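One structure is given below, encoded as structure tokens.
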């Protein structure tokens, strides 16, 4: 026994160990875009994660200061491109609320349905990528099969598949297509069959469970302190769904549950998003038969000027609590236009989550906080 | 807590606060820079206010002044307050960091530093988070000129 | 057979060496074709699992696509990092490819078609395949890239650990067979495949063998060595052109070798049940290849379905589950053989 102790001390003297740095990114399969993380590693164990941002910084906030409010809507598409509709909606709602424009129920309901479809498309893509990050490559194709149907609905409705630009101030750019209701209903029937398949493929896979359960645990207090939001925060039991907290558009008219879990680990974050897809279908089902006949666009002034003052509008995008903060001096351009992006806030928790975990866990954590890099860099 | 109640509570703390009048969405408070960390700590610790969620931290260039706007929310009471600090010092703008009160400020303060050159005292790691380390000037300031900007009118 | 043919028109000694050269050339050809075929098969299987077609333009069902890809790889420029260990970086692929090639020479395709049938067969295969880890480790070490290094370190841990389970499973089966010569192991199964005659321990052995074999050939769910979402490409990040192609081909050939060993040890090699077609010449080789490709298909099925394990889970699985199970399995098998409880 004593001999062994001596031996170990001898070895510790002879063998020098040290922490080392690893650059993950800017080009790396797990960073989902152009982002770099400087990892401080001890063998496989992560000691510190420092994100290096700005590889796709396009100074959208600065551009907004020189653009009119109508133009700003189209810039927001390029923030979180997977929830482009909700981003558009945030700006339109901000301007409408500031000007006191009350849109009719038809517009509200259509906006909500499209927003929920976008949320589902975003979560589907995330599900596929999550599988890829853990090594199951097939999920990506399955997710894209179902996502394609949503994209087709979007294409038919407004001509674009991803960055739709469907919202304008005071309404919608076009009326919905005649097939819209029929195709959305078809999609819901199709997806209700496929979503349990997702669950069987990944959620019930023992390796996947082992990889995610108990990994990257965040408590509710930590989540609040780090300013995290969206499904990532709801997995730790933080009630932060803006759709419930400050209902906008048609969310006040529907009855749905805010998906909450208390474990706070990667599997909870995964499961929250899966359950949110069920809730999205629930919302759409409640609204799809209730679209009233009405105008799809309200009358607005040709040049939109916001009154002097500060305005804040929050919406729930697929990633979380997206805030648009505008400072206006009464002119047609804002003096300051700030996007409070949910991905940027969520990224902040990554270091805490990944403390003393393995490289494989970092990839899982990064995947489950579901950031979109253009949303971080803006 | 309602806007008015919050205002009367904050007035009782006597911290030289200026309340912005008019039809504002939330209670907007202008704080002297040196009172910022004291007020922040109090807002977070007092059980009546319990502002524990830093929603957004925005650097602003008002033209003459530089400032920071804090949107702070309470997860227990579901109310929001807007704090504003300003300084007329454009050479070396300087505020206290709120990173130790709301860790969420960590990246956001770096962002404000990167775009406006606003320094935050006691911030553990203030870097140019988006721009290059050797970038000259503060790009989001109103007086920043960029000869390559195609949007200038 | 070839030896007799050659002896007719050249002296015996020369004929011996000429025969060796001919066999080597044939096996190199088989190796290359096998690699290309398996890559094609993987892509088609992946397409099948992923609701898409896979390669389908070049040749029948895209069969020549991999040939075109191989030609592309051959014609590519060789790039490498600065500050690499040139010598080690250069020879690393050859360790891998030579190990795979040597192991392939022992595979008994049929009673007649086996290049090298020594009485130490099974152990020779395990010994030779374990050389491969040296190549991967060297590649990771010499590349002067941290991703490669992590990949190389992981391969060291992983392959050496799983070598143990494979070895023990093979021991279990040799207890049943009573011989370690590959052709004799197959001949022993004339009365019934070992997975049937050895029933419970053989079945457990097969499962352990497949898990460890998948890990040994670095495939999902054990592809931590490459782990593309974590390490980019792992140990072969810094290889291009033929260097990369060697690793790539060796991976697929290793998969074939593991499957072929599984077929030899558990599924009666070139034999069909009840001696069906036993007297038709060369049908054995076809049966063997079909059986092996079925096992290969199983491994591809794993790859396109399962997520990847984490490094500590990988070691837990091996040291806490597979090794104790296979140790107990040897004892159980020995007792069954001793009591004559096998079929």
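All of the numbers you see were taken from the coordinates with simple rules; none came from a lab. Fair warning: this is a prediction, and the values are worked out from it, not measured in the lab. In this analysis, Cβ positions are derived from the backbone assuming ideal geometry, glycine residues included, and neighbour counts consider all displayed protein chains.
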* To do: Considering only DSSP beta bridges where both residues belong to the range B:3-152, give the percentage that are antiparallel (nearest 5).
  => 70 percent
* **Paramagnetic reach from residue C:118 (point 7 Å along Cα→Cβ, amide N under 17 Å) across the range C:124-152** => C:124-132
* Please report the relative contact order for chain A, taking Cα pairs under 8 Å with a sequence separation of at least 6, and give it as a percent rounded to a whole number. => 25 percent
* Structure fact -> Check: C-alpha center the range C:28-50 vs C-alpha center the range C:123-166, spacing in Å is 23 Å
* By average Cβ neighbour count within 10 Å, what is the ranking of A:252-261, C:300-309 from highest down? -> C:300-309, A:252-261
* Pick from B:73, B:28, B:133: which is most flexible by mean-square fluctuation in a GNM of chain B where alpha carbon atoms under 10 Å apart are linked? -> B:133
* Asked: Give me the Kirkwood hydrodynamic radius of chain B in Å, from all C-alpha pairs, to one decimal place?
  -> 16.4 Å
* For the range C:23-148, which semi-axes, largest first and in whole Å, follow from the square roots of 5 times the eigenvalues of its Cα gyration tensor? -> 27, 26, 14
* Asked: Taking the simple approach of a point 7 Å from Cα along Cα-to-Cβ for both residue C:301 and residue B:12, what is their distance in nm?
  -> 7.2 nm
* Structure fact -> The alpha-carbon center of the range A:227-290 and that of the range B:120-144 are separated, in whole Å, by 36 Å
* Asked: Which whole-percent values make up P(r) of chain A when all C-alpha to C-alpha distances are grouped in 20 Å steps starting at zero?
  -> 28, 54, 14, 3, 0
* How are the C-alpha pair distances of the range C:281-343 spread across 5 Å bins, as whole percents from the shortest bin up? -> 4, 13, 10, 10, 14, 18, 17, 10, 3, 0
* Count, for each residue of C:208-221, the Cβ atoms from other chains sitting within 10 Å of its Cβ, then give me the mean as a whole number. => 1
* To do: Compute the FRET efficiency between residue A:299 and residue A:204 as 1/(1 + (r/R0)^6), taking r as their Cβ-Cβ distance and R0 = 41 Å, and round to the nearest 0.05.
  => 0.15
* Asked: When DSSP beta bridges are limited to those with both residues in the protein assembly as shown, what percentage is antiparallel, rounded to the nearest 5?
  -> 85 percent
* Go ahead and run the numbers for FRET between residue A:63 and residue B:78, Cβ-Cβ distance against an R0 of 41 Å, rounding to 0.05. => 0.75
* **Average partner coverage of A:354-360, which counts Cβ from other chains inside 10 Å** => 4
* Asked: Kirkwood Rh, Cα Rg: Rg to Rh for the range A:140-184?
  -> 1.04
* To do: Using only atoms on other chains, find how many Cβ atoms lie within 10 Å of each Cβ of peptide B:98-108 and report the average.
  => 4
* Under Stokes-Einstein, with the Kirkwood radius over Cα pairs standing in for Rh, what whole-number D in µm²/s applies to chain C at 10 °C and 1.306 mPa s? -> 75 µm²/s
* chain C - percent relative contact order, Cα under 8 Å, separation 6 or more -> 22 percent
* **For the range A:152-290, the spread of Cα positions along each principal axis, largest first, Å** => 48, 34, 27
* Cβ crowding within 10 Å averaged over residues, with B:115-127, A:73-85 ranked highest first -> A:73-85, B:115-127
* Inverting the mean 1/r over all pairs of different Cα atoms, compute the Kirkwood radius of the range C:1-75 and quote it in Å. => 14.9 Å
* Asked: Got the relative contact order for chain B handy, in percent, Cα pairs under 8 Å and 6 or more residues apart?
  -> 18 percent
* How large is the helix-only mean residue ellipticity at 222 nm for chain C, computed as the sum of -39500 (n - 2.57) over DSSP H runs with n ≥ 4, divided by its residue count, in deg cm²/dmol to the nearest 500? -> -22000 deg cm²/dmol
* **Convex hull volume per residue for the protein assembly as shown, taking Cα atoms only, in Å³** => 229 Å³
